[in-house]
1. Please go through the range 348-373 and give me each residue that is over 29 Å from H163 (Cα atoms) and either within 14 Å of ligand 1 (Cβ to nearest atom) or of a type in the set (D, E, K, R) (or both), ordered by number.
2. Taking the conditions exactly as written (among the hydrophobic types (A, V, I, L, M, F, W, C) and more than 20 Å from E319 (Cβ to Cβ)), does F299 satisfy them or not?
3. Of everything in the range 132-169 that's touching a residue at least 60 places away in the same chain (Cβ under 8 Å), within 13 Å of ligand 2 (Cβ to nearest atom) and part of a loop (DSSP other than H, G, I, E, B), which residue is nearest to the chain's Cα centre (by Cα)?
4. Of the conditions (1) assigned to a helix (DSSP H, G or I); (2) over 30 Å from I41 (Cβ atoms); (3) in contact with a Leu (Cβ under 7 Å, 6 or more places away or on another chain), Y91 clears all except one; give me its number.
5. Anything in the range 172-209 that is in a loop (DSSP other than H, G, I, E, B) and among the β-branched types (V, I, T)? List them, or say none.
6. Could you run through the range 322-336 and say how many residues are more than 16 Å from ligand 1 (Cβ to nearest atom), of a type in the set (F, W, Y) and assigned to a loop (DSSP other than H, G, I, E, B)?
7. Return only the number of the condition from (1) away from ligand 1 (no atom under 14 Å from the Cβ); (2) out of contact with any Gly (no Cβ under 9 Å at 6 or more places or on another chain); (3) without any contact (Cβ under 8 Å) to a residue 60 or more places away in the chain that Y197 does not satisfy.
8. Checking K48 against (1) modelled with pLDDT under 95; (2) within 14 Å of ligand 1 (Cβ to nearest atom), only one condition comes out false. Which one?
Amino acid sequence: MEITLDSRKVKENSIFFCTSLDKNEAEKYINDAILKGAAKIYTRFDIKGKNVFVVDDFETKLRDELREFYPNKPKFQMAITGTNGKTSTAYFVWQILRKMGKNCVYIGTIGVFSGQKELDDEFFTRFNGNNLTTPDLISIHEILHIASTKMHCDYAIFEASSHGISQGRIDFLDICTAGFTNFTQDHLDYHKNMDEYWACKEKLFTKYLKNNGVIIANIDDGKTGTIVEKIAQENSEKTVITYGKNGDLQPLDVRLENGMQKITFAYKTQKYYINSWILGDFQVYNLLCASGFMLSLGFKISDFISILGEIMPPPGRLERVKKADKYYDIYIDYAHTPDALEKALVELRKITTGRLICIFGCGGDRDNAKRAIMGKTSVSIANFTIITDDNPRTEDAAKIRAEIISGIRELKAEKMARLKDFPIKRVMLFALQNENVVGNFMEIDGRKNAIEYGVLMMQEGDVLLIAGKGHENYQIIGTKKEYFSDFDEVASILS
Ligand SMILES: CC(=O)N[C@H]1[C@@H](OP(=O)(O)OP(=O)(O)OC[C@H]2O[C@@H](n3ccc(=O)[nH]c3=O)[C@H](O)[C@@H]2O)O[C@H](CO)[C@@H](O)[C@@H]1O[C@H](C)C(=O)N[C@@H](C)C(=O)N[C@H](CCC(=O)O)C(=O)O
Ligand SMILES: Nc1ncnc2c1ncn2[C@@H]1O[C@H](COP(=O)(O)OP(=O)(O)OP(=O)(O)O)[C@@H](O)[C@H]1O
Ligand SMILES: N[C@H](CCC[C@H](N)C(=O)O)C(=O)O
């Protein structure tokens with residue numbers, strides 16, 4: 001017997017909770033579930049049928065049933081949200097705990113894993129298929145139950161995406177710590193506007209975090225910092241650990257030496273030093289956020305400071321391609337938002353002695369308002385941009401590229417307007433017409449071709465950023481999902 005919220009997944013003997021808030025839709029799903037032989041069907045509406053039960057307090061019934069099916073849970077359930085940095089932070093927390101000998105399960109964009117092979121094989125076969133950041137409600141309860149039962153897992157860290165929060169995928173959990181990395185533009189295909197997107201993220205702290213839970217907040221990110229004031233107004237016992245220039249955890253100095261970052265940070269006036277494999281100022285913020293999680297669990301910095309130097313970034317997050325030429329560097333990164341692309345480019349600019357070249361595209365059936373902004377961002381920072389395809393999904397790939405390029409043209413028009421009364425106008429106009437002032441770019445149809453072109457144009461001192469797909473080992477064109485890996489493409493060109 002199993003529990004499901006989706007009539008499409010009902011099998012003989014399933015228990016189907018029909019969550020739909022629309023009576024006509026509910027009737028349709030319930031008929032489907034009856035035909036498939038559901039043992040019990042719960043609904044909020046007055047609908048009659050075989051094995052159909054109408055419940056007044058639908059939420060409580062669902063919660064109770066989940067508790068009965070999946071009674072065991074890790075004692076410390078932690079969640080991280082934010083536009084960027086969820087995977088990195090969660091992966092850091094998971095690594096720190098594992099290296100301290102604690103059992104922890106990670107649930108997020110790069111899969112579901114615990115570090116125990118047998119269990120991970122089971123997680124991989126059962127839960128890695130849909131590539132969601134936050135799995136559906138039933139899966140998340142089941143994963144936590146399995147981790148607790150088979151691994152005696154005391155700790156769980158999972159990523160709470162805004163889709164996950166708004167679709168109730170993290171309902172009925174007992175979250176003791178919730179972190180907020182940052183809040184910038186994304187997902188405007190799904191949320192009507194940034195206010196609605198914010199309202200959704202905020203729920204993690206106001207609705208889902210338990211009353212005496214701990215919040216880890218980045219106070220250098222203007223919007224994210226406001227959660228601290230919001231919580232102060234609440235009548236709750238929640239506490240806050242902040243990170244940022246004036247936070248409880250403060251980044252003091254970050255410098256790159258011999259391919260490693262020397263990081264100095266402070267906690268309560270005490271200074272700490274780490275020699276780290278992770279690259280980028282943004283990853284230092286994620287590392288401080290992860291340290292905040294550890295503090296919330298009752299550990300002291302001295303318990304894990306030596307481990308901070310050992311942890312690695314998740315795959316495809318500003319990851320240097322190992323076999324690249326000794327004269328130039330290639331990095332693969334998962335930046336797929338304007339803020340992430342800017343952060344990745346700014347970081348790589350610091351280590352580029354030649355040209356900084358960027359290859360990227362944007363996902364189809366996703367926020368189209370970010371496309372033009374990302375075009376502007378790339379040509380403003382990189383010396384050369386190759387605009388190509390990401391996962392076009394059901395959109396026309398050429399149209400997506402055109403929307404990115406429209407941002408570049410806008411930027412150019414803005415610059416030209418500003419130069420209107422400039423004395424050497426004619427010279428500038430000439431340069432602009434040749435696309436040299438706002439950065440060079442070209443459009444290449446097909447990510448494979450774009451990567452090949454990008455790698456072949458590399459010269460001494462150049463750095464190439466291939467952004468947007470990071471760890472992804474697929475490309476979705478139309479409704480077809482086929483194997484594709486930025487890493488493999490680079491390797492095959494270099495071999
Ligand atoms: C747009 C979206 O988020 N869709 C998610 C949704 O899909 P769905 O097809 O079930 O949605 P739907 O057709 O509107 O149905 C809604 C509900 O009605 C019921 N239903 C529906 C049809 C039916 O025949 N019978 C039935 O019972 C089910 O309860 C169903 O969940 O619910 C599914 C189960 O939870 C998800 O797998 C699916 O994610 C799709 C595949 C997806 O691509 N989602 C992306 C956008 C996403 O969620 N991304 C986030 C964030 C990433 C980030 O932060 O960058 C993530 O967490 O991964
Ligand atoms: N703290 C941060 N601030 C800004 N950009 C970041 C930050 N951390 C990571 N990034 C950028 O975002 C990209 C994705 O990082 P990460 O996977 O950790 O974020 P995420 O929030 O989990 O993303 P998603 O939910 O879409 O998987 C990175 O490759 C990097 O370019
Ligand atoms: N979790 C994000 C990942 C985006 C990755 C990018 N490669 C794309 O396909 O847009 C989403 O589903 O919006």
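1. R349, K350, R355
2. So F299 passes the test.
3. Among those residues, the one meeting the criterion is S161.
4. (3)
5. T181, T184
6. Total satisfying the criteria: 2.
7. Every listed condition holds for Y197 apart from (1).
8. Only one criterion in (1) modelled with pLDDT under 95; (2) within 14 Å of ligand 1 (Cβ to nearest atom) is unmet by K48, namely (2).
The values are calculated or read from the model by the stated rules, or taken from the named source; none is laboratory data. All values derive from a computational prediction rather than experimental measurement. We place every Cβ from the backbone using ideal geometry, glycine too, and count neighbours over all the protein chains shown.
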